[in-house]
1. How many residues, within region 53-105, are acidic (Asp, Glu) and closer than 19 Å to LYS173 by Cα?
2. Name the residue that is least open to solvent (accessible area, probe 1.4 Å), counting only residues in region 1-41 that are at pLDDT below 95 and part of a helix (DSSP H, G or I).
3. Conditions first: (1) without any contact (Cβ under 8 Å) to a residue 60 or more places away in the chain; (2) in a helix (DSSP H, G or I); (3) touching a helix residue (DSSP H, G or I) at 6+ places or on another chain (Cβ under 6 Å). PHE50 passes all but one, so which condition is the exception?
4. Just give me the residues in region 59-113 being over 25 Å from LEU125 (Cβ atoms) and of a type in the set (Asp, Glu), in sequence order.
Amino acid sequence: MTLMNNVNTDVGKVRAISLAAPAYNESASITRVVQSWVDFFLAYDHLQEFEIVVCNDGSKDETGQLLDELAKKYPQVRPVHHKINVGAAAALTTAIENTRYQWVLLTDSDGQYGIDTTPRLVEALEKTGDRGVIGVRVKKHDSQFARFGSWASGSLCNLFHNTQYRDFNCALKLVDGDLLRRINLEARGLNYSAEITSKLAECGIELAEVEVVHQPRIAGRSSAQNMRAAWHRLLFVSYMGLRQYLLGQKVIQNRAASSNLTKIERV
């Protein structure tokens, strides 16, 4: 508890990070990926504390067992488990809800985002004083179809929010944990990355941008490649556009934004 108090009083500095990630049927690579995270954070002396919260989303392989084995070896690894598969966004929500530290690093568990990018994200936050930073994938290791879908949906989301993010859909983010834990994620599948950016924009949060390397998956295949995922993305982006219209017309409210404004006014 003393350490946490020290972290919270170190204004403007990133001293404690909770990594949050979903995982589903990643047994072929999950040990290597989480081990790389642990090794990096143990050697990263900029931090005073860290934790790794991975939600095993009802995996049918040994993902959950492997995470539990890592937790026995490293107290900083804190797996949580869904009994059944409910989707990547729901799994990420569970992971976020179980984080404890001031800053939350959002990433995937498939190894496509190198953990060694973290210092650059931290540097951007400490330099700008922003409450979050988002990655910009300079070279995406996805199919041409997936890249087009990401560009198209990101362009529409920027239009809805009057923003100019170069990679609206990037899953790699480092965000103020207090704010992130108040956001209600509605997506179930892989649309969570765009939704989080959208919900932060609704709260008036501007994200710094940092270019990051997008690496090939260590193992397995992304479900974002199929037509069903593309259809769901189209539907969800359409919903986000409608949501912005309804917010603008004051038909609905964003409770996270209201809470955020209240917090700012009390400071």
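1. Filtering region 53-105 for residues acidic (Asp, Glu) gives 57, 61-62, 68-69, 97.
Checking the rest, the ones that are also closer than 19 Å to LYS173 by Cα come to 97.
Final tally of qualifying residues: 1.
2. So, considering only residues that are at pLDDT below 95 and part of a helix (DSSP H, G or I), the one least open to solvent (accessible area, probe 1.4 Å) is VAL7.
3. Result: PHE50 fails condition (2) only.
4. ASP61, GLU62, ASP68, GLU69
Yes/no matrix, rows are residues, columns are (1) more than 18 Å from ILE115 (Cα to Cα); (2) touching a Leu at 6+ places or on another chain (Cβ under 6 Å); (3) open to solvent by 50 Å² or more (accessible area, probe 1.4 Å):
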{"position": "ALA43", "(1), (2), (3)": "no, no, yes"}
{"position": "VAL53", "(1), (2), (3)": "no, no, no"}
{"position": "GLY58", "(1), (2), (3)": "yes, no, no"}
{"position": "THR63", "(1), (2), (3)": "yes, no, no"}
{"position": "LYS72", "(1), (2), (3)": "yes, no, yes"}
{"position": "HIS82", "(1), (2), (3)": "yes, no, no"}
{"position": "VAL86", "(1), (2), (3)": "yes, no, no"}
{"position": "LEU92", "(1), (2), (3)": "no, no, no"}
{"position": "ALA95", "(1), (2), (3)": "no, no, no"}
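The values are calculated or read from the model by the stated rules, or taken from the named source; none is laboratory data. Quick caveat, the model's predicted, so the values are computed rather than measured. Note that each Cβ is placed from the backbone with ideal geometry, even for glycine, and that neighbours are counted across all protein chains shown. What goes into the accessible areas is simple: the full protein's heavy atoms, side chains included, and nothing from ligands, DNA or RNA. Shrake-Rupley method; radii C 1.70, N 1.55, O 1.52, S 1.80 Å.
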